[in-house]
Amino acid sequence: MINGWNRSITLRLTLFFILISSSVLLLLGILVGNALEHHFERQDNEILTGKLELVRHELQEIRSEQAMLATLRRVDEALVGHQDLVVVVVLPGSSARYATPGADFPESALNGMLPENSIQSVKWTSRAQRPFRGLATSIRTQINDGRHEVGRQP
């Protein structure tokens with residue numbers, strides 16, 4: 001009887017069909033998953049770039065320490081309603097000057113100065129094991145020819 005199954009063309013065709021169908025569905029799933037991940041990454045980067053430009057515009061106009069405090073309050077108000085969007089402003093020497101609540105931006109992105117007008121894409125996992133992606137850049141202000149780094153996460 002076992003020899004009958006080995007010779008059965010129906011069984012062999014069924015197994016071949018299962019193998020091919022499973023392979024095609026697996027590859028299609030991987031392809032769709034990668035396409036979706038790329039799509040959402042592009043969408044996140046568009047949103048983050050817009051918010052980065054808002055922060056850049058505000059920080060470039062700062063001419064004094066008092067103006068910086070007022071500007072950072074305006075930035076904080078502009079980010080209301082954006083859950084999981086944080087801004088970290090770092091003065092030269094890596095001393096944090098401002099961070100929105102819940103900021104868990106990686107230290108590696110906050111250390112060192114990036115060339116002005118360059119944007120570094122950053123991916124990391126938070127302490128709570130949540131994956132994030134964000135942007136880091138350097139922005140020149142009018143205060144003592146200083147620079148502030150801004151980092152954000154979605």
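Here are a few things to note about the model shown:
- The mean sequence distance of close C-alpha pairs (under 8 Å, at least 6 residues apart), as a share of the length of segment 7-153, puts its relative contact order at 23 percent.
- Farthest toward positive dipole pole in segment 7-153 [+1 Lys/Arg, -1 Asp/Glu at C-beta], among THR49, GLN60, GLY33: GLY33
- Annotation: amide H of VAL87 within the under-5 Å range of THR100, sequence separation 5 or more or interchain, hydrogens built in the peptide plane.
- The GluC sites (Glu not before Pro) found in segment 1-76 that occupy coil by DSSP, while having at most 13 further C-beta atoms within 10 Å, are GLU61.
- Computed from backbone phi with θ = phi - 60° and the Karplus coefficients 6.51, -1.76 and 1.60, the 3J(HN,Hα) list for segment 70-85 is 5, 5, 5, 5, 5, 4, 4, 5, 5, 8, 4, x, 9, 5, 6, 9 Hz; x is used for glycine and proline.
Any read-out appearing in this document is the output of simple, stated calculations on the displayed coordinates, not a laboratory observation. Only a predicted model underlies this, so the values are computations on that prediction, with no experimental measurement involved. Neighbour counts are summed over all protein chains in view; Cβ atoms, including those assigned to glycine, are modelled from backbone coordinates with ideal geometry.
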